[in-house]
Structures are given as C-alpha cells and as structure tokens.
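The values are calculated or read from the model by the stated rules, or taken from the named source; none is laboratory data. In this text, all values refer to a predicted model and were calculated from it rather than measured experimentally. Virtual Cβ from ideal backbone geometry, glycine too; neighbours counted across all protein chains shown.
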Amino acid sequence: MKRVYIVKALSGTDIDKEVLVKGWVRTRRDSKGGFSFIELNDGSCFRNLQIIIDADLDNYQNEVLKLFPGSSIAVKGTLVKSQGGGQSVEVKANEVKVYGYCDPEEYVIGKQRVSFERLREIAHLRARTNTFGAVTRVRNKLAKATHDFFQERGFFYINTPIITASDCEGAGEMFRVSTLDLSALPKSEGRVDFSHDFFGKEAFLTVSGQLEGECYATGLGNIYTFGPTFRAENSNTSRHLAEFWMIEPEMAFADLDDDAELAEEYIKYLITLVLNECSEDMEFFNKHIDKTILETLHHVNESEFMRISYTEAIEILNKSGQQFEYDTIWGRDLQTEHERFLTEKEFKRPVIVTHYPREIKAFYMKQNDDGKTVAAMDVLVPKIGEIIGGSQREDDLQKLDARIQEQGMSLAPYWWYRDLRKFGSVPHSGFGLGFERFVQFVTGMDNIRDVIPFPRTPKSAEF
Ligand code: 4AD
Ligand code: MG
C-alpha cells in the first residue's frame, strides 16, 4: 500500500478510504472509553493528523501504550470525517506499526515549551517542533520563489566559487582556507610562505559571489547567484551569522534605478508567494511569534518603497529629536537603530537609501560626479533594518584603480576584474539579499540563528 502524506490526508480527498500514513507522534491521550488518540505529524504540513486507536488492537497494551512524543510509527486505517470539533478528518487505525520508541525521560521536546535558546543547543532535534517545521517550510518556498522570480525574467543561475583569493567587500573579514600544518608553517623572510599552500597562494572562503557574478553578467546579460557566503566578523547580534546564504543578481546595461526597481519587485514577489502558499505556517507565526507580521507583510506589499539619499537620511535623523546610541554625522555608517527609525517610524514602509559617502562603501561602487558619494543602495525593512545591499558598479578603469589603491589594496589580484573595464565595459548593477534576514523578516523570528538549520556564529559550530 502506498503511503500518503499528512498534508494530502488532511485535504480529505481520500475520505472513507483505507490510507497508510507515517510520522512522529506529537501527543498521545488515552480515553476511559477504551481507545487512544494520537496526534501524528510527518513534516509535510503544519497540522497534525488525529489517529484513533481502539484498545482492541492486538498490540495496544504492549506497544501503543508505550508511544510517547517523538516515537515513529506507521498507521493503516480508514480516513473518516472527524467526530470532534478540532479537525476535519481523522484516521481510525486498523494497524499500528512502531518504527522507534522515544524515551520521555530523556526526550525534552514535546513535554513543555522549550526556549529557543535551549533548542539551539539541540539543533539536531529542533526540526521536530512546530516553529522549526514552519520556518523550514517557509524558507523552502522562498528559495523556490527566488529561482522562479529570476528565471521568469530571463536571469541565468550561476554558481560562483566558495573558495576564492579575492576579498570582494575589502573589509578583511575572511576565513582562511589552507592545508598548511599550523604547527609547522613554512616561512620565508619571517613571514608565512603560502607558495607551499594548496593553491600556491593565500585563499579564503568567499564573502560574496559578486565579482565573479559581474564576469558572467558582462557576457550573458542578467545573472544571479544563490549560495553560501562567509564572514569572520565578530558580531554577536540577532542579525549576523558567520555563514549565511545570499542571492546576488547582476545586470548588464543597468543603473542604480534599475537596481532599486528589481529589488522592490523581488521583495514583493517573495512576500506575495509566502502569503499565498504558506498560509497555515504564517498563521502560526502571526499567532505565536509576531502578532503584527501578516499586517506588516500586506502593508509592505501595498506600499511603494520610499527612496531617499543618505544625505537626506542624515538630515531626517538629525531633526527627529530621537535619542540614538550612535551619532548621526555625515560620513558615518547608519546603524540598525537609525535604519529602523527610518523604516518603522519616519516612513512606515521599506526605504531605499542611496548615494552613501564613498569612504564607508566598497571599492567597486560607481563614484558619483559630486566626488563624495557612490551609487550605492541599501534596502531597509521594519524590524530588520538592512536586508539588501547593492550598487551600480564602477565601470571606468581609472576610477576603479584609484579606489582600489585608495583603500590600501593592491591592483594585481584584481587583474581579471579590471579586465572587465578594459574590454567592452558597460554600466552594470546588482545587489545582495541576505536570505536569512529575509526569512526573519517574513516569519517575525527574532533571532537569525533560528531561521537557518545549523547556525554558525562566533564560538559556535557544534553540529
Ligand atoms: O551589504 P553586503 O555586504 O553586500 C555585498 O556583499 C555585495 N557584494 C552584494 C552585491 O551587491 N552583490 O551584504 C548583502 C546582504 C546584507 O544586506 C544583509 O542582508 C546580508 O547580506 N548580510 C548578512 N546576513 C547575515 N549575516 C551577516 N553577517 C551578513 N552580512 C551581510
Ligand atoms: Mg551592506
């Protein structure tokens, strides 16, 4: 007999038929009338399927009564209209097969509410909770929608290297990749001699696929990457991971306005999909995680994103009368508190801030004619702050070289990137969306560690 998933069983199309379902017991209740109720979940959807097991069943005493939360079983039975109020259909079991028992003394999940902090310590088991099931299903849909969005628009999906020799953001926050023996490093003139290393030079985990993405955009037109990126920044915040996933589209013949337009369309596309296709999981988030999340998402979808320059943003912050921890002085980067003020209080919708001072942005951004700012954009959303960072790229070789050198970097390793400006240079633009920040944004989850299966953060890489 073919197994049906609980999401299908609950749809009721198999009513009055014999079905086979498999999953993990969420709860078991025994009634005095001589039968037990089991709430069964198989991950296919948020809801559980109720199983009614008659005490007459052969293995009732010896096996069914030993089923506690976490046990895995298969049930054959008839799918019937439910008698009780809570659910529409249930299964009257004819046969219960036990795959694995679960000791209630040892197994913490399912007894009482376990805190998110505690669940991070047992991240190998947290997929069995309501919250992590819901987060995982939403995250999955967002990944699919990302591919759909770009594919529908003719963007090509490319895979950029994870191991790289260049620092894209120029921020020096890279993890080293090496096969050298740390206790016996080869030295030359007092310094480590990387010519003996695996790649014959220094290598790192990538912080962004952008530079390689630009190579392909300037041949194929529009491309996007969707892959893991790594940052060795020691930021222990609820919005930073050392390993996170980023989506980076890159468009040839596109300027900053085109870039901002694509970003807004993409965000709205993802929200619409989640609202339409994850309604059960989203209701859970709205009820138990953030009571305003559905309202916020609908509102974001209906509003036109506000566009202001960095200079305007600083003026607004200075006039706001608001007390901030960090000063708002022209030339300094915006902090999350500033970003959140702009999007949550001042404009009450997403804000795209453009034209940042060149000193605080990466070397590859296009320099504006004012000599002070670059064609950068950050997209800010409520509760998160920056969710996207992007820019038009510098396409003038001389200006690019000047910036690389100004930032104290050498030109040599960027020879291939510079070539793009020598051979048929075009205006081009792109951005990076932090995937986990987006999952946080749509689910209302407070901590970024709880929207990725196994978070990597400073001093933490257990699993
Ligand atoms: O603003 P960032 O650093 O931009 C880039 O990496 C560009 N190369 C993107 C491009 O233009 N192709 O990072 C982009 C986004 C941020 O807006 C944020 O959402 C996310 O990546 N992000 C992080 N997410 C989680 N943990 C971290 N440590 C993150 N750092 C950046
Ligand atoms: Mg940024």
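Find the residue count for region 373-405, including only residues that are under 22 Å from the mean Cα position of the chain (by Cα) and away from ligand 2 (no atom under 16 Å from the Cβ).
Within region 373-405, residues that are under 22 Å from the mean Cα position of the chain (by Cα) and away from ligand 2 (no atom under 16 Å from the Cβ) number 2.
If you check every pair at least six apart or on different chains, which have Cβ atoms under 6 Å apart with a residue in region 123-147 that is more than 20 Å from F463 (Cα to Cα) first and a residue that is among the acidic types (D, E) and buried (at least 20 other Cβ atoms within 10 Å of the Cβ) second?
Between residues of region 123-147 that are more than 20 Å from F463 (Cα to Cα) and residues that are among the acidic types (D, E) and buried (at least 20 other Cβ atoms within 10 Å of the Cβ), the close pairs are A134/D281; R137/D281; V138/D281.
Return only the number of the condition from (1) under 18 Å from V21 (Cβ atoms); (2) under 39 Å from the mean Cα position of the chain (by Cα) that I53 does not satisfy.
(2)
For residues that are of a type outside the set (G, A, S) and in a strand (DSSP E or B), scanning just region 182-203, find the one that is farthest from L241 (Cα to Cα).
Looking at residues that are of a type outside the set (G, A, S) and in a strand (DSSP E or B), I get K187.
Taking K111 as the residue in question, decide whether it is closer than 19 Å to I51 by Cα, loosely packed, with under 13 Cβ neighbours inside 10 Å and modelled with pLDDT under 95.
Considered against the rule, which asks whether it is closer than 19 Å to I51 by Cα, loosely packed, with under 13 Cβ neighbours inside 10 Å and modelled with pLDDT under 95, K111 comes out as no.
Would you be able to tell me the number of residues in region 416-439 that are closer than 16 Å to A252 by Cβ, hydrophobic (A, V, I, L, M, F, W, C) and touching a residue at least 40 places away in the same chain (Cβ under 8 Å)?
3
Would you say V353 is among the β-branched types (V, I, T), under 26 Å from T311 (Cα atoms), modelled with pLDDT of 95 or more and crowded, with 17+ Cβ neighbours inside 10 Å?
It is true that V353 is among the β-branched types (V, I, T), under 26 Å from T311 (Cα atoms), modelled with pLDDT of 95 or more and crowded, with 17+ Cβ neighbours inside 10 Å.
Quick one: F347 ticks every box in (1) within 14 Å of ligand 1 (Cβ to nearest atom); (2) closer than 27 Å to F324 by Cα; (3) among the aromatic types (F, W, Y) bar one, so which box is it?
All conditions are met except number (1).
Looking only at region 44-61, count every residue that is in contact (Cβ under 8 Å) with a residue 40 or more places away in the chain and of a type in the set (A, V, I, L, M) and tell me the total.
Number satisfying all stated conditions: 4.
Starting from region 185-205, take each residue that is not assigned by TED's automatic domain parsing to the domain that holds R231 and list its partners that are surrounded by fewer than 14 Cβ atoms within 10 Å (Cβ to Cβ) and of a type in the set (D, E), counting only C-beta distances under 7 angstrom and pairs at least six apart or across chains.
Short answer, once both residue conditions are applied: P186/D193; K187/D193.
Mind checking which residues of region 356-404 are farther than 11 Å from S309 by Cβ, without any contact (Cβ under 8 Å) to a residue 24 or more places away in the chain and away from ligand 1 (no atom under 15 Å from the Cβ)?
D369, G371, K372, Q398, D401, A402
Quick one: would you say G221 is on the phi > 0 side of the Ramachandran plot, of a type outside the set (K, R) and in contact (Cβ under 8 Å) with a residue 40 or more places away in the chain?
The answer is yes for G221.
So the check is Cβ under 9 Å with 6+ separation or different chains; which pairs have a first residue in region 148-167 that's on the phi > 0 side of the Ramachandran plot and a second one that's in a loop (DSSP other than H, G, I, E, B)?
Final answer for the pair search is G154/G221.
R358 fails exactly one of the following numbered conditions: (1) crowded, with 16+ Cβ neighbours inside 10 Å; (2) within 16 Å of ligand 2 (Cβ to nearest atom); (3) closer than 26 Å to F226 by Cα. What is the number of that condition?
(3)
Is it the case that region 406-415 has a residue that's more than 15 Å from ligand 2 (Cβ to nearest atom), under 25 Å from the mean Cα position of the chain (by Cα) and in contact (Cβ under 8 Å) with a residue 60 or more places away in the chain?
no
Select, from L65, L57, L20, the only residue that is within 13 Å of V91 (Cα to Cα) and among the aliphatic types (A, V, I, L, M).
Sole residue among the options that is within 13 Å of V91 (Cα to Cα) and among the aliphatic types (A, V, I, L, M): L20.
With T328, T354 as the choices, which residue is farther than 15 Å from I267 by Cβ and assigned to a strand (DSSP E or B)?
Only one candidate qualifies: T354.
For region 161-181, check the following and say yes or no: at least one residue is part of a strand (DSSP E or B) and crowded, with 19+ Cβ neighbours inside 10 Å.
Yes, the conditions are met somewhere in region 161-181.
Which residues, taken from region 141-160, are hydrophobic (A, V, I, L, M, F, W, C) and part of a loop (DSSP other than H, G, I, E, B)?
Scanning region 141-160 gives F155, I158.
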